Amino acid sequence: MVNLVLKFISSCRASGMRISTSEVLDCLRHLERIDCTCEPEFRAALRANFAKSIRELNHFNHLYHLFFHELRLDAADMDQAGQIGEQIRQVTNLLKQDSPTDADYQAIIDFLVGDPHSLLKELHRIRTESDDSPQAVRFNLTPLGNRLKILMQIVRAGSAAQALIKENSKGIDAPSRLLLARHFEERLARAQQLLMFEPLSDQQGLRKSDEAGERLKQLGEKPFSSFTAKETLEMREAIGVLVRKLQNISSRRFAVRNRGNLDVKKTLRAAARYNGVPLELKYRRKALRKSRIVTLCDVSGSVWSAAHFMLNLLYSLQDCFDRVNSFVFVDRLTEVTETFEENDINEAIEIVLKKADVNYDGTTDYGETFRHFKRNSMEILTKKTTLIIVGDARSNYLNPEDSILGEMRDRCRRLIWLNPEPEAIWGTADSEIFTYSHYCHEVRPCRNLNQLISFIEELVM
């Protein structure tokens, strides 16, 4: 029994459950005080020691059923174990000789025998790689390729087992061959189910706080590209709260102008008109300057979601700046400043992203965009202007016209580039972000709401 429990613990660890040595020792001591032939008591003892949360409880239940029911022939059917147990070992030994160096294939063969450790370990590695990958990349081919590789090994093992049973080199009788074929078919089907199985995430199955701040914190780290329609509405409300907060900060800057350090000279000069009675206090105050903002937003398919949120926020922040000139582009530039000024936020965003004079199906061309801006709009850039460009800098191998971006930088106070792509893939394929970065005062990632909020707070404050 101890060896069986230790094998189960090894399988649990291979599948990603954290089980310490002290927990193993506690479990073995508890098993001494129960009837291990009573499955409810046996299962409760293992579960009490190894499943430490609702998430782990679901994972434990899945692994327990797999190990003690689906893979244990001796527990499920003693008669069948006695009939084909030896034949199973003979066939799997022959199968192992086909590819002794292929770890995935050997893991599948071990699974057919009843040892899931190697397969569970490999599947956990694949899931871990998938979880750690950048979430803005909607098509992560690495874990998909690894799963496909294991699926091919499952199909290969099934074909090889079928061929050996038909060949019948070990002289197995017909009823036993039928049982063998059924056994391998069921085990391979179960291996495919394991390949498709995804354990619950850390957040599923847990009671979540209903507080708006907690909800915002959870969504703040989520990439724009993975938002559902409901989450998009939640983010709009959150953005509205942020905008009101920043507008209040901007207003308070003007309200506190009559407080601060006393300006003695101005106070005496003002009091001279009344011979010093009454005394009107004058304060030293720095002239408050509102920035002018010019935004160029890529609204092509690759950055659609990020552009949507950026335009949403910049629309709401118009009161925080002297002037906001907004442009959108795919293969050519279109100004949408009047659209923002004449419509409410939802209607304005709808027009910009669906009805504006933009070739939404065109090929992104940053070079042509910069040429168009130089011809028609360069005069709006002054030393009071902050130029913000939102885009992935992927220009489909066309001329990037980075020299024009240099001219734009020379004319404005600050040039900031917000890139909604993961930093890991900047500069790959047709990305010109490193070419453009030489002319920018700042290049920063902007993949989720937290990064966007951080940027806007720095911009306004």
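The values are calculated or read from the model by the stated rules, or taken from the named source; none is laboratory data. These numbers come from a predicted model, not from an experiment. All Cβ positions, glycine included, derive from the backbone under ideal geometry; neighbour counts span all protein chains shown.
Screening the candidates Ile453, Ile433 for the property of being touching a strand residue (DSSP E or B) at 6+ places or on another chain (Cβ under 9 Å) and assigned by TED's automatic domain parsing to the domain that holds Glu350 yields one hit, Ile433.
Looking only at residues in segment 417-458 that are free of Cβ contacts under 8 Å to residues at least 40 places away in the same chain and in a strand (DSSP E or B), the one that is surrounded by the most Cβ atoms within 10 Å (Cβ to Cβ) is Asn419.
For Ala163, indicate whether it is more than 34 Å from the chain's Cα centre (by Cα) and modelled with pLDDT of 80 or more. Criteria met by Ala163.
Scanning segment 266-281 for residues that are aliphatic (A, V, I, L, M) and not in a helix (DSSP H, G or I), we see that the one that is surrounded by the most Cβ atoms within 10 Å (Cβ to Cβ) is Leu281.
Restricted to segment 7-23, and to residues there that are surrounded by 13 or more Cβ atoms within 10 Å (Cβ to Cβ) and either over 35 Å from the mean Cα position of the chain (by Cα) or small (Gly, Ala, Ser) (or both), the residue that is modelled with the highest pLDDT is Ser10. Only residues that are in a loop (DSSP other than H, G, I, E, B) and not basic (Lys, Arg) were counted in segment 394-416, giving 8. Of the helices (runs of 4 or more DSSP H) lying entirely inside segment 51-157, those carrying at least 1 residues that are among the charged types (D, E, K, R) and either farther than 19 Å from Gln192 by Cα or at pLDDT below 75 (or both) are 54-65, 73-76, 78-96, 117-132.
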